[in-house]
Amino acid sequence: MNARMDDNKIIALYFERSEDAIAESEKKYGKYCYKIAKNILTSHEDVEECVSDTWLKAWGVIPPQRPKKLSAFFGTITRNLALNRVESIFAEKRGGVLLPILDELAEILPADGGEEETVDAIVMKDAINSFLASLSPEVRKIFLQRYWYCRSVKEIARDFGRSENDLYVILHRTRKDFKAHLDKKGVYL
């Protein structure tokens, strides 16, 4: 089995503008990005295209960016591309319907805004990070699996050895706590 290349070497390939950067990225993180896209998109072709677009997007931003954690960098790109694709699909079919999974957070999180919301986004990021840090490791993982990785409640329940009903209760309470945390931090939506 081929050893996977170190992240710093992959980043160096991007800075050298070597096409090997994409090949090595796909070799090391392709399955990871595929899983993220598959949790969001239903079409195999859309998933494949999203993952391919991830490498192209990375090629366009490295350099000048130098990601600190390559897995998170690729995961974020993949997730955003997949969500944009779903939004586009729903907009074409239904006139702009949010993903059902994101509807669960729609009452808490703000819609995308303009330039004036940049400061609010920084405050929101800090509030989200402090909220996640306050959770037990298990609840934090459940929350992130649902709302970051867009996994189904059924899959998460299976992975954590819990019933789906338990997960719905945990997620409901965690969303409620999240809203209270945002209020306490002065993030009013």
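The values are calculated or read from the model by the stated rules, or taken from the named source; none is laboratory data. These numbers come from a predicted model, not from an experiment. Every residue, glycine among them, receives a Cβ derived from its backbone with ideal geometry; neighbour counts consider all protein chains shown.
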**Report entry** Residue pairs meeting the criteria (Cβ under 9 Å; at least 6 apart or on separate chains; first in a helix (DSSP H, G or I), in region 163-185; second surrounded by fewer than 11 Cβ atoms within 10 Å (Cβ to Cβ))
**Finding:** Glu164/Lys154; Leu167/Lys154; Arg175/Glu107; Lys179/Glu107; Leu182/Tyr188
Query raised in the report: Are any residues in region 131-162 part of a helix (DSSP H, G or I) and either assigned by TED's automatic domain parsing to the domain that holds Thr78 or charged (D, E, K, R) (or both), and if so, which ones?
Result: Glu138, Arg140, Lys141, Arg146, Lys154, Glu155, Arg158, Asp159
Report task. Report yes if some residue within region 60-73 is at pLDDT below 95, touching a Gly at 6+ places or on another chain (Cβ under 9 Å) and buried (at least 20 other Cβ atoms within 10 Å of the Cβ); otherwise report no. Result -> no
Query raised in the report: In region 75-96, is there at least one residue being at pLDDT below 90 and either assigned to a loop (DSSP other than H, G, I, E, B) or in contact with a strand residue (DSSP E or B) (Cβ under 9 Å, 6 or more places away or on another chain) (or both)?
Result: yes
Requested in this report: Select from region 129-143 the residues that are farther than 11 Å from Thr174 by Cα and of a type outside the set (S, T, N, Q) and list them in ascending order.
Outcome: Ala133, Pro137, Glu138, Lys141
Report task. Filter region 1-53 down to residues that are more than 22 Å from Lys68 (Cβ to Cβ) and exposed (fewer than 12 other Cβ atoms within 10 Å of the Cβ) and give me whichever is nearest to the chain's Cα centre (by Cα). Result -> Thr42
